[in-house]
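Worksheet: the structure to be examined is printed underneath.
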Amino acid sequence: AARVWCSKGGDPAASRAWTPSVARAGDVTVAVGAGGDPRRAAAIKDAVALLLDTGALPVRRHRPGPGSVALVGGGPGARDLITTRGRRLLAEADVVVVDRLAPRELLDDLDPDVEVVEAGKTAHRHTLTQDQINAVLVEKALAGRRVVRLKGGDPFVLGRGSEEVLACVAAGVPVEVVPGVTSAIAVPGAAGIPVTHRGVSRQVTIASAHEAQPDWGSLAALEGTLVLLMGVGQLRDQAARLVEHGKDASTPVAIVERGTTPEQRTTRGTLADIADVADARGVRSPAVIVIGEVAGLVLDAPPGACSGAPGVVPGAADAGPDV
């Protein structure tokens, strides 16, 4: 009688107005109406929100806007181990600056006009230097483009992500960091090797064996688990240095190649023989090297496993369940 619209979700016959169910992701807003059925609208909204969050819908903008940089950790290798936020930012990107060890299959999902810049590094061969990578990120963002720096693992775990952030900040470019699942933890886990285990190892140390020589004396003296990244090419020297500085030559070692991918393969041995075993099997990078008693644990039997050391750590069965 008062000519006022009435919204009454519990009584469709008495309602003359309907409030939409709203999904939001970043600067995208989608309102859903479902013919006077609020629960139906809410269910559709939730489904749309999930697709927005995972980048499954075409969320990339087509008009100029403020540029930005996102450092996205792509995870240990498999395309479905990237975070939800990282996946959405990738779907929104105008430019993707990609590493060699990033989940490159995701590039196939990009719009055809997205610019892909190769920034992969291998030993003694760099597509771009780090200074050049920093310059590309800043230049593209200042031109008003959304830039994703797609990296393997986590941007801040031996990934030089902090240098890229500092370059963006110095240039006044908005930058965010999206953490990723680091291969140092995930790849051993995918091979059934826990980097910590109650009663066996309660600490883990991650080190790069690729550039400057580590302090082998300090590393050899550490308790727990040692995880070496980018070290396959110097494996024989690494094992010898650790033994030379006091590490027991019988310490178990496991090398996991191409972790979380269909080509994953594990090679096991001890500090005394791992170099010979790896040579015999043709072990190549990318690979993660795990040194310590946990490398002798076998929680499953992944395809391609090769053992040159005992499969179970003495006393581990008596440690009790983890809590």
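Only Cα pairs within less than 10 Å get springs; with that Gaussian network setup on the chain, which residue of His197, His62, His245 has the largest fluctuation?
Among His197, His62, His245, the largest GNM mean-square fluctuation belongs to His62.
To the nearest 20 debye, what is the magnitude of the charge dipole of the stretch 188-293 about its Cα centre, counting +1 on the Cβ of each Lys and Arg and -1 on the Cβ of each Asp and Glu?
320
At 222 nm, what helix-only mean residue ellipticity would the chain give, in deg cm²/dmol to the nearest 500, using -39500 (n - 2.57) for each DSSP H run of four or more?
Rounded to the nearest 500, the figure is -7500 deg cm²/dmol.
Test of understanding: what is the full-extension gain from Ser162 to Glu263, defined as 0.36 nm times their sequence separation minus their Cα-Cα distance?
Taking 0.36 nm per residue and subtracting the Cα distance, the gain is 33.3 nm.
Compute and list, largest first, the equivalent-ellipsoid semi-axes of the stretch 184-296 from the alpha carbon gyration tensor, each √(5λ) rounded to a whole angstrom.
Over the Cα atoms of the stretch 184-296, the ellipsoid semi-axes are 19, 17, 13 Å.
Of the accessible area of the chain, with the probe set at 1.4 angstrom, what percent is carbon plus sulfur?
54
Along Cα→Cβ, 7 Å out, is where each label goes; now give me the distance between the ones at Cys6 and Arg202 in nm to one decimal.
6.8
For the peptides 164-173, 22-31, 149-158, 234-243, what is the packing order when you average, over each peptide's residues, the other Cβ atoms within 10 Å and list the highest mean first?
Put in order of decreasing packing, that is 149-158, 234-243, 164-173, 22-31.
Which of the three applies to the stretch 68-181, rounded, prolate or oblate, going by the alpha-carbon gyration tensor with a ≥ b ≥ c and a/c under 1.5 meaning rounded?
Cα axes put the stretch 68-181 in the rounded bin.
Any idea which of Leu90, Leu128, Ala143 is furthest toward the positive side of the dipole for the stretch 68-181, if Lys and Arg beta-carbons carry +1 and Asp and Glu beta-carbons -1?
The residue sitting farthest along the positive end of the dipole is Leu128.
Relative contact order for the chain: what is it in percent, counting Cα pairs under 8 Å that are at least 6 residues apart?
Relative contact order, the chain: 14 percent.
Report the relative contact order of the stretch 233-288, percent, no decimals, based on alpha-carbon pairs under 8 angstrom and at least 6 residues apart.
38
Averaged per residue, what accessible area in Å² does the stretch 38-145 show with a 1.4 Å probe, protein chains only?
I get 53 Å² per residue for the stretch 38-145.
How would the stretch 184-245 be classified by its alpha-carbon gyration tensor: rounded, prolate or oblate, with rounded meaning a/c under 1.5 and the a/b versus b/c comparison settling the rest?
It is oblate, given that a/c is not under 1.5 and a/b is not larger than b/c.
Largest first, what is the accessible-area ranking of Thr205, Thr266, Thr127 with a 1.4 Å probe?
Highest to lowest solvent-accessible surface, that is Thr127, Thr205, Thr266.
Could you work out how much longer the chain between Leu50 and Thr84 gets when fully extended? Use 0.36 nm per residue separation minus the Cα distance between them, nm to one decimal.
Length gained, Leu50 through Thr84: 11.3 nm.
Roughly what % antiparallel, to the nearest 5, for the DSSP beta bridges in the stretch 184-296?
Around 75 percent antiparallel, to the nearest 5.
With every protein chain kept in the model, how would you rank Val4, Val204, Val114 by accessible area, 1.4 Å probe, largest at the top?
Highest to lowest solvent-accessible surface, that is Val4, Val204, Val114.
Computed FRET efficiency, Cβ-Cβ of Leu128 and Ala17, R0 51 Å: what is it to the nearest 0.05?
0.35
Only helices at least 20 Å long along their own axis, judged from Cα atoms, and with Kyte-Doolittle mean hydropathy of -0.5 or greater: name those in the chain from DSSP H.
Span-like helices here: 38-53.
Given 0.36 nm per residue, what is the gain on full extension from Ala249 to Ala171 after removing their alpha carbon distance, in nm?
23.1 nm
Give me the distance between the Cα centres of the stretch 155-197 and the stretch 1-80, rounded to whole Å.
Each part's Cα centre sits 31 Å from the other's.
Which of Ala287, Ala41, Ala135 moves the most in a Gaussian network model of the chain with Cα springs under 10 Å?
Between Ala287, Ala41, Ala135, it is Ala41 that shows the largest mean-square fluctuation.
What is the stretch 122-258 by shape, rounded, prolate or oblate, if you read a ≥ b ≥ c off the alpha carbon gyration tensor as root eigenvalues and call it rounded for a/c under 1.5, prolate for a/b larger than b/c, and oblate otherwise?
In terms of gyration-tensor shape, prolate.
The values are calculated or read from the model by the stated rules, or taken from the named source; none is laboratory data. Model, not experiment: these values are computed from the prediction. As a convention, Cβ positions derive from the backbone with ideal geometry for all residues, glycine included, and neighbour counts pool all protein chains shown. We work out accessible area using only protein heavy atoms, side chains counted, and drop any ligands, DNA or RNA first. Shrake-Rupley method; radii C 1.70, N 1.55, O 1.52, S 1.80 Å.
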